[in-house]
Structure formats: structure tokens, C-alpha cells
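Some notes on the structure that comes next.
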Amino acid sequence: MSTKKLTVLLLVSAAGLYFLIHKMWLFVLGSIGLFILVWYRRKIIKYFFILLYFIKMVVQTIFRKKFVAQPSKELLYVNMPDGRKISYQEYGDPNGLPVFYFHGTPSSSNEASLLDSDFKAFELRLIAPNRPGINGSDFVNTRQFSWWAADVASLADHLKIGTFSLLGFSGGAPYVAACAATFPERISSALIISGAWKMNVKEAQQHIYESVRLFWKVAAKVPFLIPFIIKGMRTKHDEVTAEEIELWKNRTTEADFNFLKENNRIAILKKSVNQAITNIKGVTWDVLMYVRKWDILLDKIQFPITILHGLQDRNVPVALVEKMVSSIPNTTLKLYENEGHYSILGNQMADVIFALTGKEAILPTPVEISLKVEDMSTTDIKTEVLPGNQQA
């Protein structure tokens, strides 16, 4: 406790005692309230901002006209052994090496179209399943991260694919970990880009956008409000207006905006969110899993995982990534100085292709400028800090 805070509390306590002796009950109550306000001021301020954030989302939900998106017309479906159906989409080269893509949150399989042309050029088949309750996949109200491995294995069996690679973007990170822990014998490579992990730890709250910080605080502290916030994210149409482009410019890093403003990528992300929110319950469950207890034992994963992360990422701070991967053996963490949350998908395609296939891409590979190992006590982590390409 700071000296300043202790002094204030002592003065308030002395005043309260004085009022109590003289039976000045109104002032006694005032002193107690002031004491509580000083003692818990940080928590009070935090919950005050959470309340304002919730009020904002409710107002947007009430007064902004919404539409209920329908599941993507391009969806394919497969039945799971328990009778559920899982939807998925395919991109890239249909005859190429298979790569299962795990989308972020809140998002859906449409997100994988960001990589469609690149994966087609490098002869990779991109298979993007939707998690339960998202974009046509049946909802399950008891699922955990580890359950995803069984769904992926069933989908691979349906497609008659023996071994395959994994690619998880943002919220897809723990789903890659779940598969790597469950059936390493079927995986040829595992890659995580801008991965989100446990979002209720202190490292997740550092150096991120205030809206992102408040979102995860609400999820952790008052989860029953999340459905209202998610409903407020749904927009009237999939097309992007000039106003929305300007909003993206102000709420993303320069590297991210330079990547997203080209090739209609903002519209792709917007559509991915709208498609996800066809089922509020499904997206809510998916979001809350990141702040609940995990059923994945990260330290038991033996399959090598490559993680690419931008030092300018303000959606998922690098401190959180370093904390989480310190628990996973045989992990290679590559950090890029000038990359944000999304820009790696375009600017570092050479490293993406190499991590998935082990083959050098035609694109030039960034030059390593330093090698840094923070802690080798718990795992063998190889960390490289690489310069990012500032061109979109």
C-alpha cells in the first residue's frame, strides 16, 4: 500500500471515529463510504468502465437496425458420430496439400478466404471448419477445447485425408494445441499466427486496445453480458462503407490497415463476424472458453508448433504469447518488429508456407536480426525477432 493511500485512509478513519463519538450518523455513513471508495478505487473504476462499455453496446443494439445473417451458401456439411453436423468451407488448391484452418473469435470459416489466392498459388488445400454453434455448425453447450480434436479427425476421415497440417489464426490457437495434444501422429505441421490464449490473465491486458481489454474483462467478470455485446457487433450488411473503413484505420495499427484495406479484406472480416453471429449462443460459448478453465495440458504437447506474432499486435499482446508458449515444449516463436495482428497473413507468407510445408517459398525470407531466449528452464523455446515488411 502506498504512503499516500495509507495517509488518506487514516485521516478518513479518524474523521469517522470523531463523528461516531459525537453521534453524527450521517457523517459516519459518509466516512464509511469514502473509506470503501479509497480502498477499492481501482476496482470501482474498472467496473465503472465495464458498465459504460455495456451501456454503449446495449444502446447500439437497441437503436441500430440489424439483420440476421444466414449461414454461408458455400458451406459444406459433415455428420459427426454423435449426430451433430459440422459446416466447413474450402479454399486454395483443391488438389493441394491439406491444411486445416481454425478461425478466430468471434469469426467463422469465411475468414480463411483471406489466404485463398496465396494458398492456391503454393498448391495448398485450405479446409476451414466452423466450431459448434458457428455458421451452420450445430451448437453444443458442454464442449471444451479438447473436443475439437475429435471433430477435426472426423472431418479428415470424411474427406479421406490421412495426415494434414494445422493453421490457427488468433482465437484458433488453443484449437491447434488441442489437436497437437490429441493426435500428433496425423499432423505433418502445426502453425499459429497471432494466437490468442488465456485472456483472463494479467499479461492479456497489457498494450492492447481499450475496447479489447474491456471486452475480455466483461467476459471474465460479468459473462452474462457477453451475448448483448456480441449481438451489438452484428451489422446491417456485409458491404463496407467509407465510414467503417475510416473506423478501421483509427482502431488498427498501420501495418494491419495497410494489409486490410487491399483486396476487400475488411469486408471479408466483417462478413466472417456476421456469419458467426447467426447463433448468439454458439459465439458466446466460444468466447467464454478463453476465460474459463482449460482442459488442455500445454506442457504435455510433444508435437513441435511454430508461432508467428507481431510485436505491434494490440489485440493479443506478445507478453501473453511468451507466457503461454513457455509451457509448450519444442515451440518455435518468431516475433516480427513491424507486424500487427493481421498483417503477418500477407507480409510474411514465405514464413507461413515454410512453417506448413518445410519448403522455401519463392517470396524472399526476412533476415534474422537477433536471437533471444528468455527462459529455457521449462521448455525448449526458439525465439527469433524478425523485421516485418511495412508494405501491404
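The values are calculated or read from the model by the stated rules, or taken from the named source; none is laboratory data. Everything numeric in this text was worked out from a predicted model, so none of it was measured. Every residue, glycine among them, receives a Cβ derived from its backbone with ideal geometry; neighbour counts consider all protein chains shown. Surface areas here come from the heavy atoms of the whole protein model, side chains and all, with no ligands, DNA or RNA. Shrake-Rupley method; radii C 1.70, N 1.55, O 1.52, S 1.80 Å.
Within the stretch 306-322, is there a residue that is outside any loop (DSSP other than H, G, I, E, B), open to solvent by less than 70 Å² (accessible area, probe 1.4 Å), aliphatic (A, V, I, L, M) and at pLDDT 95 or above? Yes, the conditions are met somewhere in the stretch 306-322.
Regarding K231, is this residue over 20 Å from I193 (Cβ atoms), in contact with a Phe, Trp or Tyr (Cβ under 6 Å, 6 or more places away or on another chain), open to solvent by 60 Å² or more (accessible area, probe 1.4 Å) and of a type outside the set (A, V, I, L, M)? The answer is no for K231. At least 2 residues being open to solvent by less than 20 Å² (accessible area, probe 1.4 Å) and without any contact (Cβ under 8 Å) to a residue 60 or more places away in the chain is the threshold, and among the strands (runs of 3 or more DSSP E) wholly inside the stretch 92-204 those reaching it are 124-129.
Going residue by residue through the stretch 238-249, is there one that turns out to be in contact (Cβ under 8 Å) with a residue 40 or more places away in the chain, surrounded by 14 or more Cβ atoms within 10 Å (Cβ to Cβ) and touching a helix residue (DSSP H, G or I) at 6+ places or on another chain (Cβ under 7 Å)? Scanning the stretch 238-249 turns up at least one residue that is in contact (Cβ under 8 Å) with a residue 40 or more places away in the chain, surrounded by 14 or more Cβ atoms within 10 Å (Cβ to Cβ) and touching a helix residue (DSSP H, G or I) at 6+ places or on another chain (Cβ under 7 Å).
In the stretch 275-304, the residue that is surrounded by the fewest Cβ atoms within 10 Å (Cβ to Cβ) out of those that are part of a loop (DSSP other than H, G, I, E, B) and of a type in the set (A, V, I, L, M, F, W, C) is L297. For the stretch 53-73, state whether one or more residues are within 29 Å of A190 (Cβ to Cβ), modelled with pLDDT under 95 and open to solvent by 80 Å² or more (accessible area, probe 1.4 Å). Within the stretch 53-73, none of the residues are within 29 Å of A190 (Cβ to Cβ), modelled with pLDDT under 95 and open to solvent by 80 Å² or more (accessible area, probe 1.4 Å). Note on the stretch 141-154: residues that are of a type in the set (V, I, T) and within 16 Å of D295 (Cα to Cα) amount to 1. Against the definition (surrounded by fewer than 21 Cβ atoms within 10 Å (Cβ to Cβ) and either modelled with pLDDT under 90 or of a type outside the set (D, E) (or both)), how does K261 come out, yes or no? Answer is yes for this residue.
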